[in-house]
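The values are calculated or read from the model by the stated rules, or taken from the named source; none is laboratory data. What you are looking at is a predicted structure, and each value in this text was computed from that prediction instead of being measured. So basically every Cβ, Gly included, is an ideal-geometry build from the backbone, and we count neighbours across all protein chains shown.
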Amino acid sequence: MRLGRNSEGFTLIEIFIVVVMIFILATICINQFVRYKSRSYNSAAQMDLRTAASVQEAYFVDQKTYTSDITNLLNSSYGLYTTDGVNLTVTDANSSGYTMQAVHFSGSHTYSIIGPGGKMSD
C-alpha cells in the first residue's frame, strides 16, 4: 500500500480547525451557563425577600410593630425559611414600617424592600 497525497485521514490543519470550533462552542455554552446560574441566584434572593415582607406583615398583625430581628420571623415562629446561600437582613423596623435586604452569596445583586406595601429595588 502506497502512502501519498491521496491517502485517507485528516491533516493537522483539519484537526486544528475542528478543535478551534469545539473550543469556541464550549466558550459560548459556559458563558451562558454562568449567566443562567447568576440569574437563578438573584431570583432566589428576590423570592425570599418577597416572602419575608409577607411574614413581616403577619408579625405586625400579632405584635402591632414590625420586627428588626430576622430570627423572630424564621422557621417555626412565622414560617419564614430562606434559600441556602441567601443572606436576609432587616436594616430598619419600627411600628410604622420596615426595610429589608436580601442577597445570594453567588448572586450579583442586593435587593431591598421598604414596607409596608413597598416595591422591591436593587
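See the values below:
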| quantity | calculated |
| --- | --- |
| Flag for E8 being at pLDDT below 90, more than 15 Å from the chain's Cα centre (by Cα), part of a loop (DSSP other than H, G, I, E, B) and loosely packed, with under 14 Cβ neighbours inside 10 Å | yes |
| Matching entry among Y36, Y111 (being outside any loop (DSSP other than H, G, I, E, B), in contact with a strand residue (DSSP E or B) (Cβ under 9 Å, 6 or more places away or on another chain) and aromatic (F, W, Y)) | Y111 |
| Selection from the range 85-97 of residues that are within 11 Å of A52 (Cα to Cα) and of a type in the set (S, T, Y) | T89 |
| Subset of the range 67-77 [within 18 Å of S95 (Cα to Cα) and part of a loop (DSSP other than H, G, I, E, B)] | T67, S68, D69, L73 |
| Any hit, the range 69-78, residues being modelled with pLDDT of 90 or more, polar (S, T, N, Q) and in contact with a helix residue (DSSP H, G or I) (Cβ under 8 Å, 6 or more places away or on another chain) | no |
| Residues being of a type outside the set (S, T, Y) and farther than 30 Å from Y81 by Cβ - total across the range 7-47 | 23 |
| Complete set of residues in the range 67-86 that are touching a residue at least 12 places away in the same chain (Cβ under 8 Å) and more than 21 Å from the chain's Cα centre (by Cα) | T67, S68, D69, N72, L73, Y78, G79 |
| Check on A52, touching a helix residue (DSSP H, G or I) at 6+ places or on another chain (Cβ under 9 Å), touching a residue at least 12 places away in the same chain (Cβ under 8 Å) and in a helix (DSSP H, G or I) | yes |
| Unique match (being surrounded by 13 or more Cβ atoms within 10 Å (Cβ to Cβ), farther than 16 Å from M47 by Cβ and in contact with a Phe, Trp or Tyr (Cβ under 9 Å, 6 or more places away or on another chain)) among G107, G97 | G97 |
| Condition met for D92 (acidic (D, E), in contact (Cβ under 8 Å) with a residue 12 or more places away in the chain and in a helix (DSSP H, G or I)) | no |
| Yes/no for Y59 being assigned to a loop (DSSP other than H, G, I, E, B), at pLDDT 90 or above and surrounded by 13 or more Cβ atoms within 10 Å (Cβ to Cβ) | no |
